Amino acid sequence: MHCPFCQHGDTRVIDSRVSDDGATIRRRRECEACGERFSTLETIELKLPAIIKSDGRRELFDARKLRQSFDRALHKRPVSEEQIEAAVRAVVHDLRMTAERELASRRVGEFVMAELRKLDQVAFVRFASVYRAFEDVDDFREELDRLQRDLPGEGQLPLLEGTPRQDKRKK
């Protein structure tokens, strides 16, 4: 590593510390030539796939957009910030695991819906209604029926008034 003060090409590491979350390493360095000390941060750089939009445009993946999608769907829902962050991380992990260079935005939407389905039924339906572009009430009803049939809903509020809350702990 080059010294930022004298541009000498040789520095030595004096101390290394791993961050609390384990994602970065802070290294304290000293220049062999001028003796100045400085710190560097080392992080893993993993490329996420480019996203192919429905109109054919390609965009770099943007985690802020992903987070905004979760925030919109979960607006005023009883889901903690930690749960939302975990869901965002799960989607990013799924994207990395595809090992593809490009990925259709529809696949990203499927990953998001899978996480929302686990978190909150109402948020899932909100997202699905936009994502799947429901045309009428019947499309909505079909999705609600499928959701009630397929989802255990453990610990969640009931989707429709009058439907029993499905909680395994009460059985």
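Residue 19 meets each of the listed conditions (1) surrounded by 11 or more Cβ atoms within 10 Å (Cβ to Cβ); (2) within 30 Å of residue 120 (Cβ to Cβ); (3) not assigned by TED's automatic domain parsing to the domain that holds residue 127 apart from (2).
Matching residues to (1) more than 19 Å from residue 123 (Cβ to Cβ); (2) acidic (Asp, Glu); (3) in contact with a Cys (Cβ under 7 Å, 6 or more places away or on another chain); (4) surrounded by 13 or more Cβ atoms within 10 Å (Cβ to Cβ):
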| position | (1), (2), (3), (4) |
| --- | --- |
| 33 | yes, no, yes, yes |
| 39 | yes, no, no, no |
| 48 | yes, no, no, yes |
| 52 | yes, no, no, yes |
| 56 | yes, no, no, no |
| 64 | no, no, no, no |
| 79 | no, no, no, yes |
| 82 | no, yes, no, no |
| 88 | no, no, no, yes |
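Residues in region 61-118 that are free of Cβ contacts under 8 Å to residues at least 24 places away in the same chain and of a type in the set (Lys, Arg): 64, 65, 67, 76, 89, 107. Kindly establish whether residue 72 is surrounded by fewer than 10 Cβ atoms within 10 Å (Cβ to Cβ), modelled with pLDDT of 70 or more and within 30 Å of residue 23 (Cβ to Cβ). No. From the list 90, 86, the lone residue that is within 26 Å of residue 18 (Cβ to Cβ), in a helix (DSSP H, G or I), outside the structural domain of residue 22 (by TED's automatic domain parsing) and in contact with an Asp or Glu (Cβ under 8 Å, 6 or more places away or on another chain) is 90.
The values are calculated or read from the model by the stated rules, or taken from the named source; none is laboratory data. Because the structure is predicted, anything quoted here is derived from the model rather than measured. Every residue, glycine among them, receives a Cβ derived from its backbone with ideal geometry; neighbour counts consider all protein chains shown.
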